[in-house]
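This report concerns only the one structure given below.
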Amino acid sequence: MHCPHCQSTRTRMLSGLTSLGYPRYACRECHGQFNERTGTPLNYIEFRTEVVMLVVYHYLRFKLSLDDVVEVMALRGIHLSSSFGVQSHR
């Protein structure tokens, strides 16, 4: 994996995971720490990428209203509010 800070390929996996369950990495060149979402538009979203993509998929593919997306996600055990605060009850 390339370091998003210096683009070095000299990286190593760290022990432990992020709070969302992503593997953590460290760069041997710049000593920065990162995960697979560092430097992406999803970096500061506090929900897993899979949940975000599933919500967007249902909203766009099936032309659902936001209320319908909330209902579909509830069937999958992902409870959204009208402001899309996600809580998973798995």
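The values are calculated or read from the model by the stated rules, or taken from the named source; none is laboratory data. Note that this is a predicted model, so its numbers are computed, not measured. Positions of Cβ are backbone-derived with ideal geometry, glycine not excepted, and every protein chain shown enters the neighbour counts. Calculation scope for accessible area: heavy atoms of the full protein, side chains included, ligands and nucleic acids excluded. Shrake-Rupley method; radii C 1.70, N 1.55, O 1.52, S 1.80 Å.
List of remarks:
- Cα centroid separation, region 1-46 to region 56-70 (Å): 31
- Using heavy atoms of the protein chains and a probe of 1.4 Å, the accessible area assigned to Ser19 is about 120 Å².
- For the chain, built as a Gaussian network whose Cα springs stay under 10 Å, the top-fluctuating residue of Arg12, Arg61, Arg28: Arg61
- For region 1-80, chymotrypsin sites (Phe, Trp or Tyr not before Pro) meeting the loop criterion (DSSP other than H, G, I, E, B) and having at most 11 other Cβ atoms within 10 Å: Tyr44, Phe62.
- Taking each residue as 0.36 nm, the span from Leu60 to Ser81 lengthens on full extension beyond its C-alpha to C-alpha distance by 5.7 nm.
- Compared with the dominant Cα axis of the chain, that is its longest principal axis, helix 66-75 is turned about 80°.
- Solvent exposure of the chain as accessible area per residue, Å², 1.4 Å probe: 71
- Region 21-77, accessible surface, carbon-and-sulfur percent (1.4 angstrom probe): 56
- Taking the charge dipole of the chain about its Cα centre, with +1 at Lys and Arg Cβ atoms and -1 at Asp and Glu Cβ atoms, the residue from Val56, Cys27, Leu75 reaching farthest to the positive side is Cys27.
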